Amino acid sequence: MADISEVRSVLADLGIARELLHDEARLRAHLGLDSVDLSELQLELAERFGARFDPWDGHDPTVRQLADLVGAGEAVARAADAYRRCGWWRPDLLDQLVLDTRTHPGHREALVGDGLTLRRAELDAAVSGCAARLVEGGILPGDNVLVQLPNQPRFVVLVLALVRLGARPVLAPPALRAHELGPVLSAARATAMAVPGPPHRFDHLRMAEGLRERHPSLRTLIVPGRGDPARGHLGLDACTGSGGTAAVHGPRYPADTALFLLSSGTTGAPRLIPRTHEAFGHVVRASAAASGLSPETVYLAVLPVAHGFAFGHPGVLGALARGGKAVLGTPGDPAAALELIERERVTHCALTPAVARQWLTARTAHRGRDLSSLRVLQVGGARLDEDTAARLAEVFDCRIQQVYGMSEGLLNLTRLGDPPEVAFTTQGRPASPGDETLVVDDRGRPVPDGETGELLARGPGIITAYHDGSETAAFTPDGFHRTGDLVRRHPSGGFVVVGRVKDVVNRGGEKVPAGELEALALSHPRVHAAAAVPMPHRVLGEAVCLYVAGGADGAPSLREIRRFLEGAGLAPFKLPDHLVELSALPLTEVGKVDKARLREDVRVRAAREGGERDGGCGRQPPDADGPCG
Ligand code: AMP
């Protein structure tokens, strides 16, 4: 099977400039736009790889990707042209958009957290200084660097510094573990990884050292404190400390990948989502406008800032881009969040429905706090029910804005002027005027308005491929992203999310791919069959119920299987909340596990076992690292 580096070397031999080769978006545009002789490319590929496979046959993902690149090149280039003409894609780079000190004065406060306040000019200087120190430490333009840091100003400084020097940060929430991060490091060929510090309950450094042993590309660990070059450790304190020399960066282009987000994945490990400066910049701008962000905005991030929602949808980047201030709070501590709102005069905050419910409880215990600055509570990541929406609006005396989006780029929001019946019952409409959406049946045909179907989306903020062209089934041949969500259109023009076709449990906003959990559970010697389904849960919305069939010795208990999965490096939020042992799992006519029956069974169990009280899970509180805090 051809390796992408081999294919790249063919392209290099054909005179395609080196800097294009590690940037898929520019390569696509180039192939579509420029004078590359595509037949020559085809011949060369056939000659180099033809003995092993037919390059245009589509069996090899790398070559299929190239075939797609060539085939789709013109359409992509046409779309890119239109996006630029309409002003949706602009020439500024992401760090320039966010740190602009020409439009927004440098003396204004920009970033608060960890007892630190940075003004815009200070933040800009810290980013430049950090970029320079990273280069001294061996991080180069074109490097992919996994950043797994909690909500701290250092996260923002490091990420923007990497962007500024032309390296690509891969944003990974601290809740992820070796099982998820291993494949991400491989796919990214990451050369460095930033590791959270000791206050975290889990020994991230040990995990990172273990990952480094297994991933030869990973040379450097960016660690808290001063670092020890002899151990390949670069000190985060020194890198992100105040001051610094002039910005260091090579040639950068708006169509370059600025950073990678991670998809929550539907089958296995998270996928790398390349976000170019111009496409991600568009998402930041469009969502910031739809959220009413301005220089007066004080945005509080209490969801993990490595996730798209709190990062750039519109999140911290949106607040900074509009000249406002971002405050970084710790996930999982509603009382501390209310204190921050009072102290920093917070105007905007993003929550998942699970966290929103915790806030309602916390507000009762902290009635004395002055939260009068709060203007907008954005709620997304999972479906918000109408009752909770109405209670939030009343208790916090602010607008409720529903946000239904995904890291792949489609972002829907209700608008601040929407009447309550729209704001409370729909999940919003696209932030971008350039987004095209289709609601289709299982054969891909559009359904009449108001009927349920899968949502497909294409637009200036939405990717048309994952990194290295993996999971091509997630895109239609004409470039629509298949969201995997079942929606219907509301007369207001927005969407109502009614379910999903993808096999995922949405645990309080954290996505648990069923297939991944099942495959790992099956590696337990006493599990012969496994199926994960969502179980109704009062706070989380959905919890994870694992059905297992064991052999003669019986299946492991919930505690045993959790310990086993944790030992295999699975993120804690993916561990099953509930276990049901059956002698055999029900099967469909074609011999697949009958998940519809299991979903019905778990619903009945949840109701019977007091599920409406605690989801029938009756176990530990949600992981403090995750959105459900
Ligand atoms: P992620 O890429 O991790 O942000 O997950 C995106 C997925 O979360 C979407 O495809 C939906 O399945 C789900 N999701 C996000 N926001 C909402 C919402 N407001 N209502 C219902 N589901 C949502």
Inset, instruction - Give me a count of the residues in region 333-387 that are free of Cβ contacts under 8 Å to residues at least 24 places away in the same chain and of a type outside the set (Asp, Glu). - result: 5
Inset, instruction - Kindly list the number of the only condition in (1) in a loop (DSSP other than H, G, I, E, B); (2) touching a residue at least 60 places away in the same chain (Cβ under 8 Å); (3) among the aliphatic types (A, V, I, L, M) that fails for Val327. - result: (1)
Inset, instruction - Mind listing just one residue for me: the one in region 367-392 that is in contact with a Lys or Arg (Cβ under 7 Å, 6 or more places away or on another chain) and away from the ligand (no atom under 13 Å from the Cβ) and, of those, nearest to Pro353 (Cα to Cα)? - result: Val376
Inset, instruction - Go through the residues of region 482-504 one by one and say whether even a single one is out of contact with any strand residue (DSSP E or B) (no Cβ under 8 Å at 6 or more places or on another chain), within 14 Å of the ligand (Cβ to nearest atom) and at positive phi. - result: no
Inset, instruction - Please tell me if Phe564 is assigned to a helix (DSSP H, G or I) and in contact with a Gly (Cβ under 8 Å, 6 or more places away or on another chain). - result: no
Legend entry - Filtered residues of region 289-339 (kept if under 24 Å from Ala365 (Cβ atoms) and surrounded by fewer than 22 Cβ atoms within 10 Å (Cβ to Cβ)): Thr330, Gly332, Asp333, Ala335, Ala336, Glu339
Legend entry - Filter result (farther than 20 Å from Gly508 by Cα and either within 11 Å of the ligand (Cβ to nearest atom) or crowded, with 17+ Cβ neighbours inside 10 Å (or both)) within region 343-365: Glu344, Val346, Thr347, His348
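Taking region 521-546 as the region of interest, how many residues are buried (at least 21 other Cβ atoms within 10 Å of the Cβ) and away from the ligand (no atom under 14 Å from the Cβ)?
12
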Inset, instruction - Residues being within 13 Å of the ligand (Cβ to nearest atom) and either without any contact (Cβ under 8 Å) to a residue 40 or more places away in the chain or not in a strand (DSSP E or B) (or both): count how many of those fall in region 411-429. - result: 7
Inset, instruction - Kindly provide the set of residues from region 453-483 that are in a helix (DSSP H, G or I) and of a type in the set (Asp, Glu), ordered by number. - result: Asp468
Legend entry - Set Leu565, Leu546: member being under 25 Å from Pro270 (Cα atoms) and either over 28 Å from the mean Cα position of the chain (by Cα) or free of Cβ contacts under 8 Å to residues at least 40 places away in the same chain (or both): Leu546
Legend entry - Within region 397-414, considering residues that are more than 20 Å from Glu436 (Cα to Cα) and not aliphatic (A, V, I, L, M), the one surrounded by the most Cβ atoms within 10 Å (Cβ to Cβ): Gln401
Legend entry - Residues being away from the ligand (no atom under 14 Å from the Cβ) and either under 14 Å from Ala288 (Cα atoms) or in a strand (DSSP E or B) (or both) - total across region 397-410: 1
Inset, instruction - Tell me, please, whether a residue that is among the β-branched types (Val, Ile, Thr) and either assigned by TED's automatic domain parsing to the domain that holds Pro150 or more than 15 Å from the ligand (Cβ to nearest atom) (or both) can be found in region 303-314. - result: no
Inset, instruction - Quick one: in region 495-521, of everything that is part of a helix (DSSP H, G or I) and small (Gly, Ala, Ser), which residue is farthest from the chain's Cα centre (by Cα)? - result: Ala521
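Yes/no per residue for (1) at pLDDT below 50; (2) within 30 Å of Glu342 (Cβ to Cβ); (3) surrounded by fewer than 16 Cβ atoms within 10 Å (Cβ to Cβ); (4) of a type outside the set (Ser, Thr, Tyr):
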{"position": "Ala29", "(1), (2), (3), (4)": "no, no, no, yes"}
{"position": "Leu45", "(1), (2), (3), (4)": "no, no, no, yes"}
{"position": "Gly50", "(1), (2), (3), (4)": "yes, no, yes, yes"}
{"position": "Gly73", "(1), (2), (3), (4)": "no, no, no, yes"}
{"position": "Leu111", "(1), (2), (3), (4)": "no, yes, no, yes"}
{"position": "Gly115", "(1), (2), (3), (4)": "no, yes, yes, yes"}
{"position": "Arg120", "(1), (2), (3), (4)": "no, yes, no, yes"}
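Could you tell me how many of the residues in region 93-105 are within 21 Å of Leu165 (Cα to Cα) and modelled with pLDDT under 95?
Matching residues across region 93-105 total 3.
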Inset, instruction - Could you grab the pairs with beta carbons closer than 6 Å, sequence gap of 6+ or different chains, first residue in region 390-410 and under 17 Å from Phe475 (Cβ atoms), second one small (Gly, Ala, Ser) and within 8 Å of the ligand (Cβ to nearest atom)? - result: Ser407/Ser263; Ser407/Gly308
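The values are calculated or read from the model by the stated rules, or taken from the named source; none is laboratory data. Everything numeric here is computed off the predicted structure, so don't read it as measured data. No Cβ is skipped: glycine too gets one built from the backbone with ideal geometry, and neighbour counts run over all protein chains shown.
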